[in-house]
Amino acid sequence: AGLGASVLGVSRDDCIRHGEFRDKHGISVRLLADKEQTTCAAYGVLQDKEVDGVMRKSMTRSTFVIDKQGVIRHALYGVSSRGHAAEVLQLVALMSKGELN
């Protein structure tokens with residue numbers, strides 16, 4: 001998009017599952033495996049969720065816009081795919097103009 005941004009995905013899945021997911025959905029985003037959940041925990045996307053009467057850790061689908069200095073400029077939690085790419089593109093454009101704090 002000419003905005004100097006990179007898009008990465010992070011999940012607890014392994015690299016093989018990531019490849020299957022990308023192939024199934026036809027996406028080219030780089031996906032990073034966080035099997036130890038350290039990155040997921042650091043970004044606050046793990047939450048307790050009851051499944052079949054048992055509490056388990058689940059991930060909240062989230063997006064973070066991070067500047068070149070590594071500062072999180074915007075965080076979106078509980079996102080859905082509909083319209084999400086356009087919203088993120090708008091946020092990155094604002095950041096590239098220095099209008100996103």
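The values are calculated or read from the model by the stated rules, or taken from the named source; none is laboratory data. This structure is a prediction, so every number in the text was calculated from the model and none was measured. Note: ideal-geometry Cβ built from the backbone for every residue, glycine included; neighbour counts use all protein chains shown.
Structure data summary
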| item | result |
| --- | --- |
| Filter result (exposed (fewer than 10 other Cβ atoms within 10 Å of the Cβ) and either more than 19 Å from VAL10 (Cα to Cα) or touching a residue at least 60 places away in the same chain (Cβ under 8 Å) (or both)) within the stretch 48-67 | GLU50, VAL51, ASP52, GLY53, VAL54, MET55 |
| Condition check for LEU94: more than 15 Å from the chain's Cα centre (by Cα) and either closer than 14 Å to LEU3 by Cβ or of a type in the set (Phe, Trp, Tyr) (or both) | yes |
| Which listed residue, of ALA93, ALA75, ALA5, is small (Gly, Ala, Ser) and assigned to a helix (DSSP H, G or I) | ALA93 |
| Any hit, the stretch 29-44, residues being β-branched (Val, Ile, Thr) and under 25 Å from SER96 (Cβ atoms) | yes |
| Residue count, the stretch 31-59 (criterion: in contact with a helix residue (DSSP H, G or I) (Cβ under 8 Å, 6 or more places away or on another chain) and β-branched (Val, Ile, Thr)) | 0 |
| Among the residues listed as ARG82, ARG73, the single one being free of Cβ contacts under 8 Å to residues at least 60 places away in the same chain, within 15 Å of the chain's Cα centre (by Cα), within 20 Å of VAL45 (Cβ to Cβ) and surrounded by 15 or more Cβ atoms within 10 Å (Cβ to Cβ) | ARG73 |
| Complete set of residues in the stretch 2-30 that are touching a helix residue (DSSP H, G or I) at 6+ places or on another chain (Cβ under 7 Å) and of a type in the set (Val, Ile, Thr) | VAL10 |
| Test: residue in the stretch 29-45 that is hydroxyl-bearing (Ser, Thr, Tyr), surrounded by 12 or more Cβ atoms within 10 Å (Cβ to Cβ) and assigned to a strand (DSSP E or B) | no |
| Qualifying positions in the stretch 62-80 - out of contact with any strand residue (DSSP E or B) (no Cβ under 7 Å at 6 or more places or on another chain) and over 18 Å from SER6 (Cα atoms) | GLY78, SER80 |
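Results for (1) basic (Lys, Arg); (2) at negative phi; (3) modelled with pLDDT of 90 or more, shown as yes or no for each residue.
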| site | (1), (2), (3) |
| --- | --- |
| ARG22 | yes, yes, no |
| GLY26 | no, no, no |
| ALA33 | no, yes, yes |
| THR38 | no, yes, yes |
| ALA41 | no, yes, yes |
| GLY44 | no, no, yes |
| GLY53 | no, no, yes |
| LYS57 | yes, yes, no |
